[in-house]
Ligand SMILES: [Zn+2]
């Protein structure tokens with residue numbers, strides 16, 4: 001192992017970065033600036049907990065649900081499978097059946113989204129999403145983590161459907177990772193590290209998500 005095999009699948013965070021259509025733009029401003037005589041550079045960041053690569057906590061949908069700081073750390077560290085989805089509309093159970101998905105798996109979906117969505121400076125729709133049926137399928141398999149390569153795991157057109165997909169995963173003990181960039185990543189087995197920030201009772205936490213081939 002000479003050069004680092006780690007692949008960064010998280011998004012860079014920057015001033016003006018977009019999140020979901022209802023999230024504020026990221027605001028980064030200097031609060032200490034050597035150009036103005038300060039001894040150090042220091043920034044202040046204002047952003048949604050759901051902007052950029054992040055993990056949703058049950059509390060996002062259930063007011064009494066676990067916060068991001070209460071989720072087990074081993075959910076976010078360990079083997080993961082990158083599955084490439086051919087369907088350019090949505091992820092459906094039929095396409096998943098051949099993958100022998102098992103209890104405890106961490107599944108990262110690489111869809112057509114990764115090839116183009118992050119080249120855009122505005123929110124994009126339609127994007128490839130997880131259907132209610134596929135969410136039910138994955139919860140039934142008792143996976144522990146699901147990741148997707150855009151802003152939300154569910155579809156945009158039907159917001160109720162999107163809520164059902166989230167609730168189904170979170171109720172089923174499946175952590176949700178959103179806004180992965182899997183451009184250039186080959187499907188297969190990887191080691192994943194993507195530990196969310198420890199916001200007390202947070203509804204989500206940003207993560208630096210990295211993988212390397214197993
Ligand atoms: Zn989220």
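Data overview
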| quantity | calculated |
| --- | --- |
| Residue check for residue 65: in contact (Cβ under 8 Å) with a residue 24 or more places away in the chain and more than 29 Å from residue 122 (Cα to Cα) | yes |
| Among (1) within 14 Å of residue 74 (Cα to Cα); (2) exposed (fewer than 15 other Cβ atoms within 10 Å of the Cβ), the one test that residue 213 misses | (1) |
| Complete set of residues in the range 160-174 that are more than 18 Å from residue 91 (Cβ to Cβ) and within 16 Å of the ligand (Cβ to nearest atom) | 171 |
| Strands (runs of 3 or more DSSP E) contained in the range 1-98 and holding at least 3 residues loosely packed, with under 14 Cβ neighbours inside 10 Å, more than 16 Å from the ligand (Cβ to nearest atom) and at pLDDT 95 or above | 27-32, 42-46 |
| Residues of the range 175-214 satisfying the condition of being away from the ligand (no atom under 16 Å from the Cβ) and out of contact with any strand residue (DSSP E or B) (no Cβ under 9 Å at 6 or more places or on another chain) | 200 |
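The values are calculated or read from the model by the stated rules, or taken from the named source; none is laboratory data. Keep in mind the model is a prediction, meaning the values are calculated, not measured. Reconstructed Cβ throughout: ideal geometry from the backbone, glycine too, with neighbour counts over all protein chains shown.
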